[in-house]
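Visitor: I am attaching a structure below and will ask some questions about it afterwards.
The values are calculated or read from the model by the stated rules, or taken from the named source; none is laboratory data. Quantities reported herein were computed from a predicted structural model and do not represent experimental measurements. Note: ideal-geometry Cβ built from the backbone for every residue, glycine included; neighbour counts use all protein chains shown.
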Amino acid sequence: MTKDELIEWLKGKGYTRDTYGHYQKNDGKGNVHRYKIQDISVRYETQINISDPYSNRPKHEWVRILSGYYKNLSLNEKNQLVGMKR
């Protein structure tokens, strides 16, 4: 799979491009997921909220769930992305 093919698949799944060129989607339950697009690889991440005891403000951090090189990615017969690893 190429980078452009992945981007087209993400757009078809409802992901939108953010300011940094990554593709994000809110799952409707308050959770934000993104595919961090890099030169030769992609990372699937989720955003977590961490309470900061010093400022009493929540911090938003991204946590990697899966990653993979474009050359190892493909779509299966159910149009699901396969080839990413933990």
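Visitor: Scan region 73-86 residue by residue and report those that are free of Cβ contacts under 8 Å to residues at least 60 places away in the same chain, surrounded by 10 or more Cβ atoms within 10 Å (Cβ to Cβ) and outside any loop (DSSP other than H, G, I, E, B).
Guide: Once the filter is applied, which keeps residues that are free of Cβ contacts under 8 Å to residues at least 60 places away in the same chain, surrounded by 10 or more Cβ atoms within 10 Å (Cβ to Cβ) and outside any loop (DSSP other than H, G, I, E, B), region 73-86 yields only 82.
Visitor: So residue 38 passes all but one of these: (1) under 15 Å from residue 2 (Cα atoms); (2) in contact (Cβ under 8 Å) with a residue 12 or more places away in the chain; (3) out of contact with any Asp or Glu (no Cβ under 9 Å at 6 or more places or on another chain); (4) surrounded by 12 or more Cβ atoms within 10 Å (Cβ to Cβ). Which condition number does it fail?
Guide: Result: residue 38 passes all but (2).
Visitor: Here's a follow-up. The conditions are (1) under 15 Å from residue 8 (Cα atoms); (2) within 11 Å of the chain's Cα centre (by Cα); (3) not aromatic (Phe, Trp, Tyr), and residue 79 fails exactly one of them. Which is it?
Guide: (2)
Visitor: I'm trying to understand the selection: among the residues of region 47-71, which are at pLDDT below 95, closer than 25 Å to residue 3 by Cα and among the polar types (S, T, N, Q)?
Guide: 47
Visitor: Looking at region 1-39, which of the residues that are among the acidic types (Asp, Glu) and part of a loop (DSSP other than H, G, I, E, B) is nearest to residue 79 (Cα to Cα)?
Guide: 27
Visitor: While we're on this one: Please specify each residue of region 41-72 satisfying the condition of being surrounded by 11 or more Cβ atoms within 10 Å (Cβ to Cβ) and of a type in the set (Val, Ile, Thr).
Guide: 42, 46, 48, 65
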